[in-house]
Amino acid sequence: MKEVTGNLWDYLGLCPLVITTGGQVSRRGNALMLRGCAAEARKRFPGIERELGALIEHNGNRVFALSHSIVSFPVEESPNDLPDIGIIRRSCRELVELTNMRNWPQVAMPRPGCGSGGLAWGDVAPVLHDILDSRFIVVSFADP
């Protein structure tokens, strides 16, 4: 995997863009996309929360290719939970499988669980390094 500093959304339209998500769905069938890049995706692409909610209800909390070249990447079950390294590890494996299946040459993603999720990059990075190859770009914002 490659690590870069910048804005994740600058990669939109250039390659599939990963957003970190949870597995909770509202009574109306919408995925709860309340924080971070998931909330940004919900604002940019109205209806994506319904699309992801339906997939979660039918298939569980998994990595999914969504419309607009967005890819869900579960890091937690509920927005009330802390991101879980085990879920992140599973999501990495599923993301590699999806990338192989779709023959994507490049995928951009944030540091999963490290933004509003509160995990330390030093705890998450080894998991990603063990699974993700050079096709994956992990984008972090520059420190102010």
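Where a number appears in this text, it was derived from the coordinates with a stated rule and is not lab data. Treat the numbers as computed from the prediction; the structure is a model and nothing was measured. Counting neighbours? That spans all protein chains shown, and the Cβs are built from the backbone with ideal geometry, glycine included.
Points to keep in mind about this one:
- A crude spin-label estimate for the pair Thr5 and Ser140, with each label 7 Å from Cα along the Cβ direction, gives 1.0 nm.
- Hydrodynamic estimate: the Kirkwood radius of region 43-144 over Cα pairs, inserted into Stokes-Einstein at 37 °C and 0.692 mPa s, corresponds to D of 227 µm²/s.
- Unit charges on C-beta of K, R, D, E only; dipole of region 23-144, Debye: 400
- Positive dipole terminus of the chain, leading residue within Pro46, Ile88, Phe141 (C-beta point charges): Pro46
- Comparing His68, His129, His58 in a Gaussian network model of the chain, where Cα atoms under 10 Å apart are tied by springs, the biggest mean-square fluctuation is seen for His58.
- Antiparallel DSSP beta bridges within the chain, as percent of all bridges there, nearest 5: 15
- Within the chain, helix-based [θ] at 222 nm, where runs of 4 or more DSSP H residues each add -39,500 (n - 2.57), nearest 500: -11000 deg cm²/dmol
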